[in-house]
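The values are calculated or read from the model by the stated rules, or taken from the named source; none is laboratory data. These numbers were taken from a predicted model, which means no experiment stands behind them. We place every Cβ from the backbone using ideal geometry, glycine too, and count neighbours over all the protein chains shown. These accessible areas exclude ligands, DNA and RNA; they are computed on the full protein's heavy atoms, side chains included. Shrake-Rupley method; radii C 1.70, N 1.55, O 1.52, S 1.80 Å.
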Amino acid sequence: MLKLNRNLIADGHLKVEASAPSSLKPVRILQIGDGNFLRAFADWMIDVANGAGLFNGRVTMAQPLARGIADLMKAQDCLYTVLLRGVQNGVAVDSRRVVSCVEKVLNPYSEWDAMLATAQDPSLRFVISNTTEAGIAYTEEPLLDGQCPGSFPAKVTALLLARFKALGGTASSGLVFLPCELIEANATKLRAYVLQYAEAWKLPAEFVIWVREHNVFCNTLVDRIVPGFPAAEAEALYAQFGYKDPLLVAAEPFLLWVIEGPAAIAEELPLHKAGLDVVWTTDLQPYRTRKVRILNGAHTASSLAAFCAGLDTVQSMTEDLVVSKFLSRVMFEEIVPFVPLPDAERLAYAQTIMERFANPSIRHELISIALNSVSKWQVRVLPTVKDYAAKHGRAPAGLSFSLAALLNFYHGKFVEGGEYEGQRQGQTYPIRDSADVLAILNAAWQGSGDLNVVVAGLLADVRLWGEDLTRVSGLAEQTASALSRIKALGVKAAMAEL
């Protein structure tokens, strides 16, 4: 079978949507993040805009970690396929596009000089990122000459310093940052950490002024369900396409990118003019609250429970009688009433989300949603729990159950090779989170056998949640009770009781 490469596109061998690849387009975007989401979201949109003649730029992609897809991308000329399937505005969608806007992919840990050269390129204008919710954080580390820093904000600081030195700190050499990490005020926090590193590293005052005055950090909100590689049907799709693509990524047609930034910058990145739902605004908070609490909150509140109940996909949650009732309860009784929007608007959005969850063309694996679930629960679910408790005097039962299900999912052990694994129905599954989080959870589960003690200790640990959750009225008691029923009956039976 043919291997995806640029000659196939140039020769017209593939009947597929693609923008005309060109080495003449300058690299206008540095993207730190090589995951499925950014490739099916930002890169896909940039490619569409290039194809429409509205943008003339390529992307240099960088792995955020030492392990990534750089070698796979290089092996197929930095091309990959995005497959969109589902229903949009009542119309069935089934489209395929080969994305060709990526110029190269770097592993900054082995190609730091190339990363610095990219940052020093006068044509560079935008930096897009997605390093997960845990990526935008400050950790003490030195600036070492010739070495890639560990944290994402430290990388940004070092790259900005290289650009400042190379281009003289002019106003026009400033960059626009569009972080896609799903945390509140993502760009504001990134900027603060960059300035904190500048202070810790005792960088010149002129550099700090340049960062403050000539670099624009735009808070953003992203929305598109991207299950990733459709492993179960990959071979059938390859036969249909006529070529093999191990970087194939499946996504839903729906997307939304809300960017809080100057209107003038929108004209530099005119994705909205390509018919894409990209909104530039002076206040994204209403959009963020709606999306994070309803879409992401429902995902996080239900996915771990559903997985441990024996289900594997988001769609299967909507078809299972017990899990679908649980999902509906937490969505419409516990989450939606605390989204600060008119009732009709928040209800309509929630109903749209339920339709998107039921998309039969999207195999969104629950185990993939489980990545970094502790920080996700803190960001996506905890604010609703606190709002509910403030009004009713007690944490909501469904979302308390979701926390119990999270603790149950994280009940695992370290195995040879350093991986942390849990058990479901006699089979092991990977538990992926930061090393610190896994160490805390493992220590708790290997300690006391009293579930009340385990729950109280974990909920009180501010390293996990940023605050002491035992202070939220009724949360610890309901979580411990739900966890006890899960251990005694299994997740689905305990959920049915609820």
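Restricting attention to region 473-488, does a residue exist that is open to solvent by 50 Å² or more (accessible area, probe 1.4 Å), among the acidic types (Asp, Glu) and under 25 Å from the mean Cα position of the chain (by Cα)? No, the conditions are met nowhere in region 473-488.
Taking VAL176, is it farther than 23 Å from ASN215 by Cβ, open to solvent by less than 10 Å² (accessible area, probe 1.4 Å) and of a type in the set (Val, Ile, Thr)? Considered against the rule, which asks whether it is farther than 23 Å from ASN215 by Cβ, open to solvent by less than 10 Å² (accessible area, probe 1.4 Å) and of a type in the set (Val, Ile, Thr), VAL176 comes out as no. Considering only residues that are hydrophobic (A, V, I, L, M, F, W, C), closer than 19 Å to VAL59 by Cα, more than 21 Å from the chain's Cα centre (by Cα) and in a helix (DSSP H, G or I), which ones fall in region 245-285? The answer is ILE265, ALA266, ALA274.
In region 364-372 there is at least one residue matching the filter, namely being at pLDDT 95 or above, buried (at least 16 other Cβ atoms within 10 Å of the Cβ), part of a helix (DSSP H, G or I) and not β-branched (Val, Ile, Thr). Of all residues in region 453-498, those being under 22 Å from ALA390 (Cβ atoms) and either in contact with a strand residue (DSSP E or B) (Cβ under 8 Å, 6 or more places away or on another chain) or part of a helix (DSSP H, G or I) (or both) number 18. Residues in region 308-317 that are in a helix (DSSP H, G or I), under 23 Å from GLY86 (Cα atoms), at pLDDT 95 or above and open to solvent by 10 Å² or more (accessible area, probe 1.4 Å): SER316 only. Go through the residues of region 445-452 one by one and say whether even a single one is open to solvent by 40 Å² or more (accessible area, probe 1.4 Å), part of a helix (DSSP H, G or I) and closer than 19 Å to GLU334 by Cβ. The answer is no, given that none of the residues of region 445-452 is open to solvent by 40 Å² or more (accessible area, probe 1.4 Å), part of a helix (DSSP H, G or I) and closer than 19 Å to GLU334 by Cβ. Taken over region 332-341, the criterion of being assigned to a helix (DSSP H, G or I) and surrounded by 23 or more Cβ atoms within 10 Å (Cβ to Cβ) is satisfied by GLU334, ILE335, VAL336. Summed over region 144-199, residues that are within 30 Å of LYS291 (Cα to Cα), part of a helix (DSSP H, G or I) and of a type in the set (Phe, Trp, Tyr) total 2. Scanning region 376-398 for residues that are closer than 16 Å to VAL462 by Cβ, open to solvent by 20 Å² or more (accessible area, probe 1.4 Å) and modelled with pLDDT of 95 or more yields a total of 2.
Suppose the filter is within 20 Å of the chain's Cα centre (by Cα) and either assigned to a loop (DSSP other than H, G, I, E, B) or under 22 Å from VAL176 (Cβ atoms) (or both); does ALA66 pass it? Criteria met by ALA66.
In region 342-359, is there at least one residue being of a type in the set (A, V, I, L, M, F, W, C), on the phi < 0 side of the Ramachandran plot, assigned to a loop (DSSP other than H, G, I, E, B) and open to solvent by less than 30 Å² (accessible area, probe 1.4 Å)? No, region 342-359 contains no residue that is of a type in the set (A, V, I, L, M, F, W, C), on the phi < 0 side of the Ramachandran plot, assigned to a loop (DSSP other than H, G, I, E, B) and open to solvent by less than 30 Å² (accessible area, probe 1.4 Å).
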